[in-house]
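A.B. asks: Pasting a structure below so you can have a look.
The values are calculated or read from the model by the stated rules, or taken from the named source; none is laboratory data. Computed from a prediction, not measured in an experiment: that's the story for all the values here. Note that we place each Cβ from the backbone using ideal geometry, even for glycine, and neighbour counts take in every protein chain shown. All accessible areas refer to the heavy atoms of the entire protein, side chains included, with ligands and DNA or RNA removed. Shrake-Rupley method; radii C 1.70, N 1.55, O 1.52, S 1.80 Å.
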Amino acid sequence: MIDNKDLQQSLKLFVVLSKAYKTLNERVNRFIQKEGLNPTEFAVLELLYHKGDQPLQQIGEKILIASGSITYVVDKLEKKGLMRRIACPSDRRVTFGQITEEGNAFMDKFFPEHAKRLHELMSAVSEEDKEIAIEVMKHIGKTTVAKEL
């Protein structure tokens, strides 16, 4: 049997996490949108910037968006000159996303400011508490995957 106090704490934790994520996400998204990108476009660009060329089929999995949305996002980023599609030389079925020089220049300028803003948003939390929160969130993520509702 579930202890009622423990049950209430779990519910409260979920609500607090959800509200914190919503608040942080809204602030970060506003900053990204000021640069003419939507959050999904930025996520694709950030992945390519930090990890290099990626198969388009895997980008959606890595940034947690539906595979059907990738084509639309890639089209938009290509039109903005920030990325391009390149064919895989060894497998014609595979197409890679590649950041362009313009995309790299944009990220070279934008990403340090983005990181600084994230740091400012997290500045109310001590370094020690950040480490604890990181470990707790990892633990929640790992144990949640194993459970089905």
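A.B. asks: Scan the stretch 133-149 residue by residue and report those that are open to solvent by 90 Å² or more (accessible area, probe 1.4 Å) and part of a helix (DSSP H, G or I).
C.D. replies: Passing the criteria: Glu135, Lys138, His139, Lys142, Val145.
A.B. asks: For the list (1) among the hydrophobic types (A, V, I, L, M, F, W, C); (2) within 26 Å of Glu78 (Cβ to Cβ); (3) touching a helix residue (DSSP H, G or I) at 6+ places or on another chain (Cβ under 9 Å), I need the number of the one condition that Ala105 fails.
C.D. replies: Against the list (1) among the hydrophobic types (A, V, I, L, M, F, W, C); (2) within 26 Å of Glu78 (Cβ to Cβ); (3) touching a helix residue (DSSP H, G or I) at 6+ places or on another chain (Cβ under 9 Å), Ala105 comes up short only on (3).
A.B. asks: Looking at the stretch 11-44 only, could you name the residues that are assigned to a helix (DSSP H, G or I) and either open to solvent by 90 Å² or more (accessible area, probe 1.4 Å) or over 23 Å from Met122 (Cα atoms) (or both)?
C.D. replies: Selection gives Leu11, Lys12, Phe14, Lys19, Tyr21, Lys22, Arg27, Arg30, Gln33, Lys34, Glu41, Val44.
A.B. asks: Does the stretch 108-127 hold any residues that are surrounded by 10 or more Cβ atoms within 10 Å (Cβ to Cβ), hydrophobic (A, V, I, L, M, F, W, C) and more than 15 Å from the chain's Cα centre (by Cα), and which are they?
C.D. replies: Across the stretch 108-127, the qualifying residues are Phe110, Leu121, Met122, Val125.
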